Structures are given as structure tokens and as C-alpha cells.
Amino acid sequence: MSGTRAAIRYAKAILEIADSKKVATQVAADMALITATINTNAELNTFIQSPTINVDQKESALLEVFANANAVTKSLFHLLKENKRFEILDAIALEYNKLFDIMNGVEVAKVTTAIPMDAALEAKVSAKIATFSNKKITIENTIDPSIIGGFILRIGDKQYNASVANRLQVLKRELSN
């Protein structure tokens, strides 16, 4: 839990610096790349998490892997080296992008479907999103075959359940009463 709180503090500080230098969008792209790279490369993740590897080696490796990163992002690597906190880099990147979205009025809609969304379902979901929020929306799709069909939409603390599994549960309750 303290790692998460620390990650939020680092993310806020980096966002503030990036925004003041007018490079918040480029740093957001770096943070998305960092998250994707760490999540898809187990070897890099293990390297970053390892307490036995020297922080200087971690910093130089990250500077090499993310050579095209913005100077603000590279300064984060240096700060993490100074504070010996490389293990929370992924959490910082995630928090940065959440804060960046909030700053730009973008909200994440989590859509759970039984199969990957096609254009027709995405249009239905977008229409439903318009009734929930007037902000810019980013759709994050999760696949869960147990919902059988339809979709479950979550935006913030609101949820709309249009799944077949939910409809069957409602019908079962009605028939049992």
C-alpha cells in the first residue's frame, strides 16, 4: 500500500514538472510505453524488482531501453536511483497516466464482453456511455466468457449491466418468487 501512495506522489510531481515544461503529452506516451514494456517483458520486470542489482545498473539499463524518452522521464529514472525506488516504476507510470487523463477530462470506461468488441457493439456501448458522461471517453475492453453475451459497462462508480448472464439471473429471481 505504501508503494502505491509513493507512486501517486511521484506521478503527481512528474506530471507537475512535465506540465510546466509543456511536455505532459510526450511524458504520458513514455509512461504508456514503460507500462507496456514492463508488463510484456518478464525479464525487465524481474531486473527492476531485484533487490540485489545495483541501482546504477538499473538506471543505465532503463536509460538504454528507453533511450528515446523525454528528458523529464529520464529525470524520473535518476530520482528513482537516488531514492532506491525502482520497484515502483510501473505503478508510477500507471498513476501518471490516470492523473494525465483526469487533467485532460478523459474518463476510462471499462467494458466487459464475452467476445472481443466489434463495430456494432462498440457503437451500442458508445451510445450508452453518452448517457452516463459528457467527458471524453477511453474504452478499455475486458473479455469474460462467463457473461455469455451483451456487455457490462463501468464508468467511475456507475455500472450498467446489459449482459445475458445478468438477464438470466433477473429472470430466475422473478420465476422463483
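The values are calculated or read from the model by the stated rules, or taken from the named source; none is laboratory data. No experiment lies behind these values; they were computed from the predicted model shown. As a convention, Cβ positions derive from the backbone with ideal geometry for all residues, glycine included, and neighbour counts pool all protein chains shown. Each accessible area value is taken on the protein alone, full model and side chains, heavy atoms only, with ligands, DNA and RNA left out. Shrake-Rupley method; radii C 1.70, N 1.55, O 1.52, S 1.80 Å.
Here's the yes/no breakdown for (1) at pLDDT below 95; (2) touching a strand residue (DSSP E or B) at 6+ places or on another chain (Cβ under 6 Å); (3) within 20 Å of ILE8 (Cβ to Cβ):
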position	(1), (2), (3)
MET31	no, no, yes
ILE38	yes, no, yes
LEU44	yes, no, no
PRO51	yes, no, no
VAL55	yes, no, no
THR73	no, no, yes
PHE77	no, no, yes
task = Could you grab the pairs with beta carbons closer than 7 Å, sequence gap of 6+ or different chains, first residue in region 164-177 and within 19 Å of ASP144 (Cα to Cα), second one of a type in the set (Gly, Ala, Ser)?
result = VAL164/GLY149; VAL164/GLY150; ALA165/SER146
ask   = What are the residues in region 59-79 that are in contact (Cβ under 8 Å) with a residue 40 or more places away in the chain and open to solvent by less than 60 Å² (accessible area, probe 1.4 Å), if any?
value = ASN70, VAL72, THR73, SER75, LEU76
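Give region 101-131 a look and list any residue that's in a helix (DSSP H, G or I) and polar (S, T, N, Q), or say none. Write out each step before concluding.
Restricting attention to region 101-131, the residues satisfying the condition of being in a helix (DSSP H, G or I) are 101-103, 119-131.
The answer is SER126, THR131.
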query = Is there any pair linking a residue in region 128-140 that is farther than 17 Å from ILE152 by Cβ to one that is open to solvent by less than 70 Å² (accessible area, probe 1.4 Å) and part of a loop (DSSP other than H, G, I, E, B), with Cβ under 9 Å and at least six apart or on different chains, and which?
reply = LYS135/GLY105; LYS136/ASN104; LYS136/GLY105
key: Selected residue [under 12 Å from LEU76 (Cβ atoms), without any contact (Cβ under 8 Å) to a residue 60 or more places away in the chain and open to solvent by 40 Å² or more (accessible area, probe 1.4 Å)] from ALA13, ALA36   = ALA13
inquiry  = Going residue by residue through region 13-22, is there one that turns out to be at pLDDT below 95 and among the polar types (S, T, N, Q)?
reply    = no
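Would you say PHE151 is open to solvent by less than 60 Å² (accessible area, probe 1.4 Å), outside any strand (DSSP E or B) and not polar (S, T, N, Q)?
Values: open to solvent by less than 60 Å² (accessible area, probe 1.4 Å): yes; outside any strand (DSSP E or B): no; not polar (S, T, N, Q): yes.
No.
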ask   = Within region 83-133, which residues are at pLDDT 85 or above, touching a strand residue (DSSP E or B) at 6+ places or on another chain (Cβ under 9 Å), open to solvent by 80 Å² or more (accessible area, probe 1.4 Å) and of a type in the set (D, E, K, R)?
value = LYS98, LYS110
